[in-house]
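Trainee: Take a look at the following structure, please.
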Amino acid sequence: MADQDTLGYEQARDELVDVVRRLEAGGSTLEESLALWERGEQLAKVCRDWLEGARARLDAALAQESGGAGEGPEAAGEE
């Protein structure tokens with residue numbers, strides 16, 4: 001398992017899919033299942049953080065493209 005601070009989105013997502021698969025398959029002890037659940041929660045947070053970061057970058061790029069952050073669409077289209 002890689003450190004969650006160094007995981008890329010795809011790596012975290014793939015590991016999360018594996019964790020879910022293992023939980024759904026059953027056959028694990030309660031302790032193993034809880035450890036898998038906790039790892040799944042960590043991985044889900046990593047994925048969420050990546051997606052939120054990507055959304056913020058897109059929003060910033062769109063705001064810059066439309067004439068600057070905080071100016072809104074009205075300012076860009078004034079006549």
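Trainee: Can you pull out the residues in the stretch 37-69 that are in a helix (DSSP H, G or I) and more than 17 Å from Leu7 (Cα to Cα)?
Mentor: Trp37, Arg55, Ala56, Arg57, Leu58, Asp59, Ala60, Ala61, Leu62, Ala63, Gln64, Glu65, listed by residue number.
Trainee: Restricting to the stretch 1-36, give me the number of residues that are open to solvent by 70 Å² or more (accessible area, probe 1.4 Å), among the hydrophobic types (A, V, I, L, M, F, W, C) and modelled with pLDDT under 95.
Mentor: Residues meeting the conditions: 1.
Trainee: Name the residue, out of Arg39, Arg57, Arg48, that is farther than 30 Å from Arg21 by Cα, charged (D, E, K, R) and modelled with pLDDT of 95 or more.
Mentor: Arg57 is the lone residue from the list that is farther than 30 Å from Arg21 by Cα, charged (D, E, K, R) and modelled with pLDDT of 95 or more.
The values are calculated or read from the model by the stated rules, or taken from the named source; none is laboratory data. No experiment lies behind these values; they were computed from the predicted model shown. Only protein heavy atoms, including side chains, enter the accessible area calculation; ligands, DNA and RNA are left aside. Shrake-Rupley method; radii C 1.70, N 1.55, O 1.52, S 1.80 Å.
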